[in-house]
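We did not get these values from a lab; they are worked out from the coordinates using the rules stated. The structure displayed is predicted, hence computed values, not measured ones. Every residue, glycine as well, gets a Cβ built from its backbone with ideal geometry; the counts of neighbours run over all protein chains shown.
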2 protein chains.
Amino acid sequence: MANFDLMRRLTRPEGGRIILLVMDGLGGLPIEPGGQTALEAAETPNLDKLAVEGTTGLTIPIARGITPGSGPAHLALFGYDPLRYDIGRGILSAFGVGLHVDVGDVAARGNFCTVDENGIVTDRRAGRIPTELNARLIEKMRSIEIPGVEIVLATEKEHRFVLVLRGDGLDYSVSDTDPQVTGKPPLEARALKPEAERTAEIVNEFVSKVRQVLKDEHPANMVLLRGFATDPNLPKFDDIYKLKAACVAVYPMYKGVSRLVGMDVLETDAHDTPADEFRRVAKAFEDGYDFVFCHVKGTDSRGEDGDFEAKRRVIEDVDKALPILLELKPDVLIVTGDHSTPASYKSHSWHPVPLILWAPATHLPDRVERFGERACANGGLGHFQATDLMPLALAHADRLDKYGA
Amino acid sequence: MANFDLMRRLTRPEGGRIILLVMDGLGGLPIEPGGQTALEAAETPNLDKLAVEGTTGLTIPIARGITPGSGPAHLALFGYDPLRYDIGRGILSAFGVGLHVDVGDVAARGNFCTVDENGIVTDRRAGRIPTELNARLIEKMRSIEIPGVEIVLATEKEHRFVLVLRGDGLDYSVSDTDPQVTGKPPLEARALKPEAERTAEIVNEFVSKVRQVLKDEHPANMVLLRGFATDPNLPKFDDIYKLKAACVAVYPMYKGVSRLVGMDVLETDAHDTPADEFRRVAKAFEDGYDFVFCHVKGTDSRGEDGDFEAKRRVIEDVDKALPILLELKPDVLIVTGDHSTPASYKSHSWHPVPLILWAPATHLPDRVERFGERACANGGLGHFQATDLMPLALAHADRLDKYGA
């Protein structure tokens, strides 16, 4: 991981401007023997030019062979050892919707679900109800009161919501109520250590009251909770790296992990295209940010759909919009993914992720002539841990002092 | 880092002879887009032949993105984790000029400087006075006495000198008196922990007496002190590696770091060319050393001057002289740098450093056909931490036992 003590010692408050463009789930596999990956198959003249001019490599998100979730994969890109900072889903969701969570508060991610007359879960996502219905149900649930604890609820998206409990003596070491399969009833929340017994009781009382409040709704007549967590109190970007950092992302989850590391999360619209997002990066530079993390979700979504051609088209859309970023003349532009999502898998994978580091004043161009998994495997940066990316970015932006005399 | 316990367990007292040739600041960047680095541009038939016959790679001196000073970069090449062994400049300077520093003694690096009538520093280096004048001023300063402490002074080079304090109850946790900028007076030395208060007082008394002694001198009428340190008591080469090791270097700093790790420092002349130094390596082999570290400074100096062509010529001089080393038939010859010093930067940089490991009995030749940054990026040794070099060198010299049955 980035050595934070070393970073605090060596980072300078002034230097070049950095863009970190993450195409979620960028890496992939061919869908037929001898074929190309979606990235290799895509027509990407702008990205290929960056690959020719800059230097390339492959990143290992967590460790060889380990498939990351989105939270750990992004923490790694930001320099945080994801094995050390094991962030609960509840916190990522809460920060994602902009809820304030203090150290000691307990956050959980909730799903609206469907249960039958016997209380058995028949659909863990309640048919992915629309966000508007979610908001109406959350409003109903706000009538629930439990003495000694403040209950905060917020709609996330579709069937997903966030629960935050505030009060004295809470502890997040509570087991999920989500059974993870249909055909079973929701689980009782259990304390995973004695200090969490009161919190488990509160959670069970809350769930029981929700069952009453929603009993006449359909299909969303019950909730499942998971990922109980509190604020992990991560070191922040301005402290470690002396960067004024901003996040441009459409999905709440990525806003959440950005807030956790101390970035300002800029306003976006749910329908933003890559070009729209890049224009928001331009605005961020105008507003004085010197590091902008820009997140494109489509590559991962289409990979998870198993739609190779659609994933390829998202990459081509990013390529077409790229001149908007290049016109900003960043000192360092990094283009990579947080992990691989091969369309043939329909899920995340452990395969290392192609990366371009383009920093015209400081990079050593390698011999790689296009952007792709196999081209980058022979790049000038070699194969390296994603957690080493931030020190490399800072070095290329002339933001690090020398170590030792 | 090299695992010293493992090395002590596996190293054999007998085996092949090793030469580690370090061209300081070897790595570089092109000076124009699409151009070559100084190393790539240099005509190096002998080095290219080694690259063809041997195996190559890139080393990371400290960590990706971190620009090393010369001390940490050499410690890394010698297998010492430079983040763990954070050696003060005073010690490197003292060992460099051959001063004996015991654990408990306090060493500092001194600069002669110029102050105006108000005591404000106007030149931190006193116009880089000649070494001869430095020696005369040091002789004057030897008249200074402080009860209870022995004061040892030695000329280093030009405006630089070394101060060593010996006595009971000293502690090196003392702040620099060098303000690092002109326009300010020298700083008071401060104790960084209570045990160092007496030492800080001694330092301030010494500086005050120096001011008196030098008051009629010009331009060197004051001194600045920095890098207070004591002997870090590093593990030694003969203990860890079972090597009888020698250093051939012209500059005091590199002699210093070699003495710190227990090498014998062989006599050299300030005007030694690479060919002269290589003849001293030959003498070292005659004298029974089985490991010789040979340091060429010119690559770094010309890089720091920003003189790309001159850096190229130093590399070509080394190449021309290389047959002197090859005639010695070393079992292992390593050619590398301690860090990069691109002429376009005029300073050290973080870029990884090209390396040849040539060991005809044991190396696996790769497909690299010449010596250069980008050629070595695809070398058979990959990209690796400089601290892994010593185990590789020992292995290729048949000096390591098998680990486990």
Worksheet item: What's the tally of Lys pairs in segment A:189-309 whose alpha-carbon atoms lie under 26 angstrom apart, where the two lysines are 8 or more places apart or on different chains?
Response: 13
Worksheet item: How long is the gain from A:ASP216 to A:TRP350 if the chain were fully straight, where each residue apart is worth 0.36 nm and the alpha carbon distance is subtracted?
Response: 43.9 nm
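Would you calculate a helix-derived [θ] at 222 nm for chain B, using -39,500 (n - 2.57) for each DSSP H run of n ≥ 4 and dividing by the full residue count, to the nearest 500?
-9000 deg cm²/dmol
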Discussion item. At a threshold of 8 angstrom on Cα-Cα distance, excluding pairs fewer than six apart, so keeping six or more, what relative contact order does chain A reach in percent?
Written reply: 34 percent
Response to the item:
Rounded to whole angstrom, the alpha-carbon centroid of segment B:366-405 lies from that of segment B:271-310 at a distance of 22 Å
Response to the item:
Least to most buried among B:TYR80, B:TYR85, by other C-beta atoms within 10 Å and fewest first, runs B:TYR85, B:TYR80
Discussion item. How far apart, in nanometres, would the label points at B:THR122 and A:ARG8 be if each is projected 7 angstrom from Cα along the Cα-to-Cβ direction?
Written reply: 4.1 nm
Worksheet item: Direction-averaged shadow area of the convex hull around the Cα atoms of segment B:1-67, nm²?
Response: 7.3 nm²
Fill in: Computed FRET value (nearest 0.05) for A:ILE66 with B:ARG136, which takes r as the C-beta separation and R₀ as 45 Å
0.10
Worksheet item: In nm, one decimal, shortest first: how far is the label point of A:ARG125 (7 Å from Cα along Cα to beta carbon) from the matching points in the other copies?
Response: 6.6
Worksheet item: In square nanometres, what is the average projected area of the Cα convex hull of the protein assembly as shown?
Response: 40.0 nm²
Worksheet entry | DSSP beta bridge pairing in chain B, given as percent antiparallel to the nearest 5 | 60 percent
Item to complete: Please find, in a Gaussian network model of chain A (springs between Cα atoms separated by less than 10 Å), the residue of A:GLY262, A:GLY288, A:GLY90 whose mean-square fluctuation is greatest.
Response: A:GLY288
Worksheet item: Considering amide H positions built from the backbone, and no H for Pro or chain starts, which residues 5 or more places from A:ASP105, or on another chain, come under 5 Å of its amide H?
Response: A:ASP231
Fill in: segment A:92-229 - Rg and Dmax from Cα coordinates, angstrom
13.8, 39
Discussion item. On alpha carbon coordinates alone, what is the Rg over Rh value for chain A, Rh being the Kirkwood radius?
Written reply: 1.00
Fill in: ³J(HN,Hα) computed for each position of segment B:158-173 - Karplus, 6.51 cos²θ - 1.76 cosθ + 1.60, integer Hz, glycine/proline x
6, 8, 9, 9, 10, 10, 10, 9, 10, x, 7, x, 7, 8, 7, 7
Discussion item. Give me B:PHE308, B:PHE78 sorted ascending by neighbouring Cβ count inside 10 Å, so fewest comes first.
Written reply: B:PHE308, B:PHE78
Item to complete: Normalising by the residue count of segment A:248-302, find the relative contact order in percent from Cα pairs under 8 Å and 6+ residues apart.
Response: 44 percent
Worksheet entry | segment B:92-229, relative contact order [Cα under 8 Å, separation at least 6], % | 32 percent
Worksheet item: With springs only between Cα atoms under 10 Å, which of B:ARG142, B:ARG84, B:ARG190 fluctuates most in a Gaussian network model of chain B?
Response: B:ARG84
Worksheet item: What's the center-to-center distance, using Cα atoms, between segment A:15-90 and segment B:182-202 in Å?
Response: 49 Å
Worksheet, complete the sentence: Here FRET efficiency (C-beta to C-beta, B:GLU53 to A:GLU369, R₀ 22 Å, nearest 0.05) is 0.15
Discussion item. Using amide H atoms built in the peptide plane, which far-off residues or other-chain residues are under 5 Å from B:GLY25 H to H?
Written reply: B:ASP338, B:HIS339
Discussion item. Based on C-alpha coordinates, I'd like the Rg and Dmax of segment A:259-405, in Å.
Written reply: 16.3, 54
Response to the item:
Here the correct list, in nm and shortest first, of distances from A:ALA63 to the same site in the other copies, label points 7 Å along Cα→Cβ, is 1.8
Discussion item. Measuring nothing but label to label, 7 Å from Cα along Cα→Cβ, what are B:GLU145's distances to the other copies in nm, shortest first?
Written reply: 8.7
Practice prompt. Fewest Cβ neighbours within 10 Å first, please rank B:TYR254, B:TYR172 accordingly.
Written response: B:TYR172, B:TYR254
Item to complete: Using amide H atoms built 1.01 Å from N in the peptide plane, name the residues 5+ places from B:VAL223, or on other chains, whose amide H lies under 5 Å from its own.
Response: B:CYS113
Discussion item. Can you order the peptides B:241-251, A:394-404, B:350-360, B:146-156 by their average number of other Cβ atoms within 10 Å per residue, highest first?
Written reply: B:350-360, B:241-251, A:394-404, B:146-156
Worksheet item: Based on the Cα coordinates of segment A:277-354, what is the per residue volume of their convex hull in Å³?
Response: 87 Å³
Worksheet item: For labels at A:GLU309 and B:ALA361 in the simple 7 Å Cα→Cβ model, what's the distance in nm?
Response: 6.3 nm
Worksheet item: How large is ³J(HN,Hα), in whole Hz, for each residue of segment B:223-233 in order, when computed from phi with the Karplus curve 6.51 cos²θ - 1.76 cosθ + 1.60 and θ = phi - 60°, using x for Gly and Pro?
Response: 10, 10, 10, 8, x, 4, 7, 10, 4, x, 6
